[in-house]
Each structure stands twice: as C-alpha cells, then as structure tokens.
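Colleague: A single structure is presented below for examination.
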Amino acid sequence: MEPSDRFIIVIFGGSGDLTKRKLMPALYNLFQKNQLPDKFAIIGIGRTAFTDDSFREVMAENIRTYSPPDITDNITMSTFFKNVYYQIVDSEVANDYLRLKQRIEFIDEQLQSGGNYVYYLSTSPHLFQVIADNLGQQQMNIESNDSGWKRLVVEKPFGYDLKTAVALNNGLQRVFKENQIYRIDHYLGKETVQNILAFRFANGIFEPLWNRNYIHHVEITAAEKIGVEDRGLYYDGTGAVRDMVQNHLLQILATITMEPPSQFNAPAVRNEKIKIFESIRPITPQEVSKYVVRGQYAESVVRGRTVSGYRCEKNIKPSSRIETFVAIKMFIDNWRWGGVPFYIRTGKRLPKRITEVVIHFKKTPHRLFQRARSAGVEENQLIIRVQPNEGILLQFGMKRPGAGFDIENVNMDFHYKDLSDTPIPDAYERLLLDCLHGDATLYARADAVEACWSFITPILHAWKKDRSIKLFTYPAGSWGPKQACDLFDDPVDNWHYPCGELMEEGEYGEL
C-alpha cells in the first residue's frame, strides 16, 4: 500500500470474543505478510479497564493462540503492537465519543493517515445504531478529499426480521452513505466460496451445463458438530434460520446460481445477486410445513459420551422451541433455474463440521448399462467443499476393468491446498483487506439483506403463530430429523452424507 492508504481501524467491542479470535489475528497475519501500509493504527474500544499495554498483552496471547506458530516471532509481534492502542468508551454514553474523537485525531496526526478510518462494529446488535448516531454527532462520519474516507463495518445479525432490517438500514443510511457501509458475512470471505465464481466463469466447460436442462437438483449443507456451547443467551433468541440461513446459506445460493456479471466489480456482482434473491419463490405460511423442516437436538450417546439435549444446555429455556436444525426446499423462478429444486440444511450437533454444495446432474435419458452390478451407479455429482479440506470433487461412472460393461462411480478430486504452498487465508483477512481497499464485492448490500429477510420472515412468523407446525427432535450426533428426507419428491433421492457416512441409528420423535 502507498502512504496515502494509511488508516486507523477502530474496533468497537475491542475486548470481545470476535476481536480476540478473529479480528486481531487476521490483522496481525496481514501485517506479517506485508499487506498493510508502512503506518497504521488499531484502536480497541470497550468498557473494560485496559491500558494500551495491558490490551496489547491480552491480544498478543490471543494471536499466539489463533495464528500459526511459525509467524508469531517476538520481533514481528513487537513491531505490530506498536500500532495497537486501547480507549475506554461506553458505547451508549455520548460524551465518551468526544474523547474518542480527540484520541483518534491525536494518533492520526502522528501517522499522517489523512483521516482514513474504519469503524468496526463487533458489538451486540442493539448498539449498531447507537454507535453510528454518536459517530455522526461528532461528525466522525464525514468524508472528503481533505478529510479522508470513512467506512462502517457491521457484523451480523443484521436485523431480526424484515421490519428490523429495514429500520436498521434506514437508520445507518441517515448517518453513513450506502457506499460507506460494509455488512460483513465471513462466509463470503472463504476462499472456496470465491472460487465458485472462478470455477463457473473462468471455465468454458461448466457454464453451458449450469442450468435446468442438465441439473436435477442442488444441495447446500452447513453442518456443525458442536452445540450452542456458551452462546445460549444469543442462540435461544436466534435459531438456525436467523443464524445461518438468512445470511450465509442464501449468499452461497446466490453465488452458485447468479448470472455472469458484466464485469467483476462490486456493483456488477451485487446486481446479479439481488436478481437471485428477488427470484426466490416465496413460501407462504400455509406451505411452511410442506417445504420447511425444523428440528432440535436431543440427548444422545456420541462415541461413548452422553451429549446433552438442547433444552438442557446452559441459558436455554426448558420449554424452548428454537430450532437447531432446519432444512428448506426452495425454487428460483427465473429462466435458468425454473423447476430445479434447491435443498438447503444447517444444524448443530451433527456428525461433522462441514459446509459443501452438491450439484446433482440429470441422469442419462437412456440407461445402456443396466446389469445388476451397475445398478448402484448414481447420477453425476459435483461436490464443492467449502470447509474443511477445501476442494472440488467430480463423480462419474466408468467401466470396471475386465469382461463386460460393469459401471461404477469414480472420483476426480482437487484440494485447494495443492494449488500452492501458500496457506489458505482466513476469511476475515480477505474481507478486512477488501474493506481497506474500498472493495465491497464480498459484502452484502442493503437491498440484498432486505430481499433475504423477505423470504425468511414469513417462515419465522408461521412458526410463531401456528403452534401446529411441528418441531422434530433428532439425536445429537445424527444428521437431523428423518422428516428432512420427506422434502424430496422422489423417494429414491436423499441427502448427500459427506464422506459417505450415514447417520447413526436413533430414535426420532416430535416435540
């Protein structure tokens, strides 16, 4: 970066978990890779009574924990932390922002950063608007050729439903312009999600097949092995749909299905994504039971260890009806995808931590090889693994060596780790660097957020109003409630179980 790219990043929630685990290690990794300018500053903001030195000590410990050990040498760490500061601020106290402004301006004068500031909101969502308003009152939002650029990064959840998302968009846009607001979704920063675009649009052999003429259906799975852990207070007011579907999975869906943009920049890419979100067929309250299956994990024995059910977790109400699993069958009503079903699912306490997309191609119109030993051959599948062990696998039929024409499935796979010796960067590294460069391609725009909530909100309202819509249980360590398989029209079809592992046998019931 040039000296004109010098910046100050102000992290509200500077003593919080996200800063410790993700933001500070990501910024350090960028520094270690020489991807930050010669001068910059990071200011942690919070109510905890840290000094600059004590804050540096805590952050250094976390960087050693969450960054590769071979890059945390003492000299590099010492140089990095000369740029790190801390300011005690109560985000809800207006007078504290004057002291913050004075501290930023003092550091800016030393750095000669030209007023280039990033405000990162890593706080409770109820503080987003409060912080933006107070920054505006101190005129810390104003940008010009003389005062530098100002950018506001907002973490999820961005709203609780359509109404609150619209209110938050309107409120933030009263203080910051839309091109100053960066709504972060760390899934879009994952290298494999970005490579979906390269895979589709940089290769002439795939795009002609990427439509309703050749694709039978598509699955998107985001499975988590862990339960709610220490996030009970947050999760019991959120659930799987708000936590994963509204943002992460719908963004992956748009990446898989969008039309080729006219050019690869933020406006063109985001314009194509909004077309997808607006083309998703609505699910009416009367259709929720037909197209949506929700579940909640129950106590089970996993690998010899008893795992608690959701309702027995810390800070969870004993009568909670919050879903820890959801599967949705949906359609995109446009020319390319008309009639193709998309199946998305996510859940906690599933067998593996894995996120992947499975493209199921249509079977051949006439099966030439129908001998018994070829009966198990399935349709061609393209599996895009987002995490872990990022890569792509293509499954197709080949003749088994020997006499006759016995066909079996074979795999052709590629792992991103084989592409180069460079480790795959953390999603936050890419997204923070893009923000510093002013590139919003991988950030969500206001209209996209609202369009996603327009699809999700009727489902949430139906669950709240209609108590007859069932919430199924599933044993912890399984692949979710068996009723999720009923979303498929053809009984021959079923979910793809990663690495060929089927769910363990267990008892299923209803709450």
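Taken together, the values in this text are just the output of simple stated rules run on the coordinates, not laboratory data. Here the structure is a predicted model, which is why all the values come from computation and not from measurement. Don't worry about glycine lacking a Cβ; one is built from the backbone with ideal geometry, like all the others, and counts go over all protein chains shown.
Colleague: Any of K39/K82; K329/K482; K163/K290; K225/K363 with alpha carbons more than 21 Å apart? Name them for me.
Modeller: From K39/K82; K329/K482; K163/K290; K225/K363, over 21 Å: K163/K290; K225/K363.
Colleague: For the chain, build the charge dipole from Cβ charges (+1 Lys, Arg; -1 Asp, Glu) around the Cα centre, then report which of F12, N170, Y97 sits farthest towards its positive end.
Modeller: Working it through, the farthest residue towards the positive pole turns out to be N170.
Colleague: For the stretch 275-308, which trypsin sites (Lys or Arg not before Pro) are in a loop by DSSP, counting at most 15 other Cβ atoms within 10 Å? Let's see the in-between values first.
Modeller: Details: sites: K275, K290, R294, R303, R305; in loops: R303.
Passing sites in the stretch 275-308 are R303.
Colleague: Now for a separate question. Taking θ = phi - 60°, what integer Hz values does the Karplus form 6.51 cos²θ - 1.76 cosθ + 1.60 yield along the stretch 281-298, in sequence order, with x for Gly and Pro?
Modeller: My calculation for the stretch 281-298 gives 5, x, 9, 6, x, 6, 9, 4, 5, 7, 10, 10, 10, 10, x, 9, 6, 10 Hz in order.
Colleague: Another question, if that's okay. Which aspartates and glutamates, on any chain, are close to K417 with Cα under 16 Å apart, when same-chain ones fewer than 8 places away are left out?
Modeller: Qualifying aspartates and glutamates at Cα under 16 Å: E191, E390, D426.
Colleague: Also, quick follow-up: What does the extension gain come out to for Q173 and S147, with contour length at 0.36 nm per residue minus their alpha carbon separation?
Modeller: Computed gain between Q173 and S147 is 7.4 nm.
Colleague: Got a sec to turn the phi values of the stretch 78-87 into Karplus ³J(HN,Hα) couplings, 6.51 cos²θ - 1.76 cosθ + 1.60 with θ = phi - 60°, whole Hz, x for Gly and Pro?
Modeller: Once θ is set to phi - 60°, the couplings for the stretch 78-87 become 4, 5, 4, 6, 5, 9, 10, 9, 9, 9 Hz.
Colleague: Scan the stretch 50-122 for GluC sites (Glu not before Pro) in coil per DSSP, keeping those whose Cβ has at most 12 other Cβ atoms within 10 Å, and list them by number.
Modeller: Working: sites: E57, E61, E92, E105, E109; in loops: E92.
Filter output for the stretch 50-122: E92.
Colleague: Read phi for every residue in the stretch 14-22 and hand back ³J(HN,Hα) as whole Hz from Karplus 6.51 cos²θ - 1.76 cosθ + 1.60, θ = phi - 60°, with x for Gly and Pro.
Modeller: x, 9, x, 5, 5, 5, 5, 7, 10
Colleague: Stretch D38-T164 to full length: gain in nm at 0.36 nm per residue minus the Cα-Cα span?
Modeller: The D38-T164 span can extend by a further 41.3 nm.
Colleague: Take every DSSP beta bridge whose two residues both sit in the chain, then give the antiparallel share in percent to the nearest 5. Spell out each step's value before the answer.
Modeller: Values: 47 of 82 bridges.
Within the chain, antiparallel bridges account for around 55 percent of the total.
Colleague: If you place +1 on the Cβ of every Lys and Arg and -1 on the Cβ of every Asp and Glu, how big does the dipole about the Cα centre of the stretch 134-283 come out, in debye to the nearest 20? Please report the intermediate quantities before stating the final value.
Modeller: Details: 17 positive and 17 negative charges, 64 e Å.
Its charge dipole is roughly 300 debye.
Colleague: Long-range amide H contacts for H216: which residues qualify at under 5 Å (H placed 1.01 Å from N, peptide plane, sequence gap of 5 or more or a different chain)?
Modeller: Residues meeting the amide H criterion: H360, F361, K362.
Colleague: Next up: What size of dipole, in debye to the nearest 20, comes out for the chain about its Cα centre when the only charges are +1 on Lys and Arg C-beta atoms and -1 on Asp and Glu C-beta atoms?
Modeller: Computed about the Cα centre, the dipole is about 1100 debye.
Colleague: Right, something else. Over 27 Å between Cα atoms, which of K314/K348; K156/K314; K22/K465; K20/K177; K275/K465; K150/K190 qualify?
Modeller: Beyond 27 Å: K22/K465; K20/K177; K275/K465.
Colleague: Under a crude label model (7 Å from the Cα following the beta-carbon direction), how far is D333 from H415 in nanometres?
Modeller: Once both label points are built, they end up 4.5 nm from each other.
Colleague: Rounded to the nearest 0.05, what FRET efficiency do Q194 and L127 give with R0 = 30 Å and r taken as the Cβ-Cβ distance? Could you check?
Modeller: Efficiency, from the Cβ-Cβ distance: 0.50.
Colleague: Below 8 Å between Cα atoms, with a sequence gap of 6+, how large is the relative contact order for the stretch 1-140 in percent?
Modeller: Worked out over the stretch 1-140, it gives 38 percent.
Colleague: While we're on this one: Given H placed on each backbone N at 1.01 Å, which residues far from Y85 in sequence or on other chains put an amide H within less than 5 Å of it?
Modeller: Hits under the 5 Å cutoff: I42, I43, G44.
Colleague: What aspartates and glutamates sit close enough to K101 to cross-link, taking a C-alpha to C-alpha distance under 13 Å and skipping anything fewer than 8 places away on the same chain?
Modeller: E109
Colleague: A further question follows. Would you be so kind as to identify which of F488, Y187, G115 lies farthest towards the positive end of the dipole of the chain, taking Lys and Arg as +1 and Asp and Glu as -1 on Cβ and the Cα centre as origin?
Modeller: Positive-end residue among those listed: F488.
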